[in-house]
Every structure is written in C-alpha cells, then in structure tokens.
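**Student:** A single structure is presented below for examination.
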Amino acid sequence: MEKRRLIRGLVITLLLSILFYVMNTSHYQGQWEALLWRTLLFAIVFYVLYVLVFSIFSSEERKRQYGTPSIFGVIVGLLIGIWLDMPLVGLLLGLLFALIVGYFIGFNKRRN
C-alpha cells in the first residue's frame, strides 16, 4: 500500500474523530467514557473503510469493476433499509451486493 494513502487516511480520521467528539459532547453530558469509546470505534471503522475503499479504487480497471455496482448497491440497499426501518443493515447489504457483483464482473473478464 502507498504510505501516502495511509498517512492521509490517518490525518482525515483524526480530524473527523475530533469533530465527532466535539459535536457529540452535548449529547453525552457526564458520560465521557462512553463518548470516548464511541469516538474510538468511529475512528477505527472510518480508517479501515477509508483504506479499503481507496485501495480497491486505486486502478482504473477496479474503478470500472466496482464503481457502478457500488453506487447502485448503496442506493438500493438504503432504499431497502429504509423500507425495513433498518437503514444501516440495508447499507451493509447493498455494499455486500456491490462487492459480489464487482467480483463476478472481474471473474467474467478474466475467464473471457
């Protein structure tokens, strides 16, 4: 992996984590431990997703392979999640569907 991508992800994660902490301090008055753990969890998840997404989309071929299915997967997943009153589950299912479709697109290209 590129060292620059990792450092950029770390800097963005730190800035967003500080913003997340500051924005949520009014909701967690007196419960700073819970807020600190949520901020730490947010930072870890965001950093891992940042590195994974930008690693997947690092080449032009992968952008074509996963880009369009990702957009449609997120949109359809969110619509299904809202319909089921569980938007996060719908989003995760949409992303999983997009990864599977992208894998099959790559598999068919390699096979032909």
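Just so you know, all these numbers are worked out from the coordinates, no wet-lab data involved. These numbers come from a predicted model, not from an experiment. Neighbour counts run over all protein chains shown; Cβ positions are idealised from the backbone, glycine included.
**Student:** Using only helices, what value at 222 nm comes out for the chain when you add -39,500 (n - 2.57) per DSSP H run of length 4 or more and divide by the total residues, to the nearest 500 deg cm²/dmol?
**Tutor:** Result for the chain, helices only: -30000 deg cm²/dmol.
**Student:** Report the label-to-label distance for V48 and R62 in nanometres (one decimal), using points 7 Å from each Cα along the Cα→Cβ vector.
**Tutor:** Modelled inter-label distance: 1.8 nm.
**Student:** I would also like to ask the following. Could you tell me, in Å, what Rg and Dmax come out for the Cα atoms of region 59-112?
**Tutor:** 12.4, 41
**Student:** Specify the inter-centroid distance of region 68-112 and region 10-49, based on alpha-carbon positions, in whole Å.
**Tutor:** Answer, in whole Å: 27.
**Student:** Tell me, what is the percent relative contact order of region 50-112, built from C-alpha pairs under 8 Å that lie six or more residues apart?
**Tutor:** 31
**Student:** Ordered by packing density, taken as the mean number of other Cβ atoms within 10 Å over each peptide's residues, highest first, how do 57-67, 96-106 rank?
**Tutor:** For the peptides 57-67, 96-106, the packing ranking is 96-106, 57-67.
**Student:** In a Debye calculation with equal point scatterers on the alpha-carbon sites of the chain and no solvent, what is log10 I(q)/I(0) at q = 0.11 Å⁻¹?
**Tutor:** Here log10 of I(q) over I(0) equals -0.50.
**Student:** Continuing with the same structure: If I model region 1-56 as equal point scatterers sitting on the Cα atoms and use the Debye formula, what is log10 I(q)/I(0) at q = 0.16, 0.17, 0.20, 0.29 Å⁻¹?
**Tutor:** Taken in order of the listed q values, log10 I(q)/I(0) reads -0.51, -0.55, -0.69, -1.09.
**Student:** Only Lys, Arg, Asp and Glu count, each charged at its Cβ (+1, +1, -1, -1), so figure out the dipole size of the chain about its Cα centre, rounded to 20 debye.
**Tutor:** 600
**Student:** Measure nothing fancy, just the Cα-based angle from helix 60-83's long axis to the longest principal axis of the chain, in degrees from 0 to 90, nearest 10.
**Tutor:** For helix 60-83, the angle is close to 60 degrees.
**Student:** If you fit an axis through the alpha-carbon atoms of helix 87-111 and take the longest principal axis of the Cα set of the chain, what angle between them do you get, 0 to 90°, nearest 10?
**Tutor:** Between the helix axis and the principal axis of the chain, the angle is about 30 degrees.
**Student:** For region 59-112, what is the charge dipole size about the Cα centre, in debye to the nearest 20, if Lys and Arg each add +1 at the Cβ and Asp and Glu each add -1 at the Cβ?
**Tutor:** Charge dipole, region 59-112, about its Cα centre: 360 debye, nearest 20.
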